[in-house]
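Inspection log for the structure reproduced underneath, given as structure tokens.
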Amino acid sequence: MEDDQRKTLVLTGASRGIGHATVKRFSSAGWRVITCSRHAFPEDCPWEAGPEDHMQIDLSDIKALPQQVEVLRAKLNGAGLNALVNNAAISPKEPSGNRLDSMSTEMNDWRHVFQVNFFAPIMLARGLFKELTKMHGTVVNVTSIAGGRVHPFAGTAYATSKAALASLTREMAVDFGPHGIRVNAIAPGEIKTSILSPETEKKLVPEIPMRRLGTPEEVAKTIYFLCSEQSSYVNGAEIHINGGQHA
């Protein structure tokens with residue numbers, strides 16, 4: 001496919017798990033994928049387009065992020081943007097690995113989590129608004145099952161930031177929709193990634209009706225659906241990908 005015909009995705013949190021599976025899903029469909037991470041592109045990564053289409057960006061730096069978005073826009077070189085997927089997130093733990101609750105989370109941790117998980121997605125979407133408008137693009141925010149329930153492993157700051165992001169998704173759908181931009185969210189449940197706590201599979205799988213963890217590839221397929229014409233009238237939705245785990 002010629003470069004001027006390729007669709008373009010900007011993806012945060014691409015280095016592992018859901019993000020890595022999303023890179024592979026969109027790349028296999030011929031999309032150009034621009035990845036964003038706080039880390040430089042690893043030299044041993046076999047993905048050929050990586051060094052050119054990777055940007056080292058610190059989503060936690062609220063002062064520097066607007067300028068970094070301008071650098072990201074320059075990578076698009078005046079072209080439009082078909083999709084923005086806000087996948088990056090952080091979930092700090094206690095030194096022992098236990099969840100941080102509302103009493104034990106330090107205020108600096110609250111601010112850090114909300115900057116990465118909540119403020120960065122709207123800052124990116126607003127910063128790339130013209131490019132998204134040009135292509136009638138889509139935004140997909142990655143929330144979490146923890147945003148709608150008290151989770152035994154996810155910390156309070158993470159959970160509340162994801163609940164806020166789900167609400168923001170609905171607000172963005174109303175504000176961006178008249179400009180031809182659809183905004184939706186996916187809420188993964190227990191997905192087999194490195195972010196899971198060691199006890200997750202043993203404790204939570206019996207509570208999942210499908211009796212297994214989800215895979216990053218299954219989540220990536222739903223993200224792709226929301227960025228495709230197949231979902232052309234889906235706007236302001238939050239799709240739960242949890243095997244039926246709602247209780």
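Each value in this text was obtained by applying a stated rule to the coordinates, not by laboratory testing. Not measured: the values here are computed from a predicted model. Note that each Cβ is placed from the backbone with ideal geometry, even for glycine, and that neighbours are counted across all protein chains shown.
Okay, here's what the table says:
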| read-out | value |
| --- | --- |
| Cross-link pairs Lys93/Lys192; Lys24/Lys130; Lys24/Lys192 - those with Cα-Cα distance over 20 Å | Lys24/Lys130 |
| Calculated FRET value between Glu217 and Met135, using beta carbons and R₀ = 22 Å, to 0.05 | 0.30 |
| Kirkwood Rh, Cα atoms: Rg over Rh of the range 26-143 | 1.01 |
| Cα-based helix-to-principal-axis angle, 65-76 vs the chain, degrees rounded to 10 | 50 degrees |
| Sequence ranges 130-140, 171-181, 234-244, 154-164, ranked by mean other-Cβ count within 10 angstrom, highest first | 154-164, 130-140, 234-244, 171-181 |
| Helix 156-176 vs. the chain, principal-axis angle (Cα, 0 to 90°, nearest 10) | 30 degrees |
| Built amide H within the under 5 Å cut-off of His240, gap 5+ | Ala187 |
| Expected 222 nm ellipticity per residue - DSSP helices of 4 or more, -39500 (n - 2.57), all of the chain, to 500 | -10000 deg cm²/dmol |
| Listed residues Ser144, Ser37, Ser96, most fluctuating in the chain (Gaussian network, C-alpha, under 10 Å) | Ser96 |
| Alpha carbon centroid spacing (whole Å) that separates the range 67-95 from the range 121-191 | 13 Å |
| Under-5 Å amide H pairs with Ala14, H placed in peptide plane, nonlocal only | Cys36 |
| For the chain, share of DSSP beta bridges that run antiparallel, in % to the nearest 5 | 5 percent |
| Peptides 16-24, 57-65 ordered by average Cβ neighbours within 10 Å, highest first | 16-24, 57-65 |
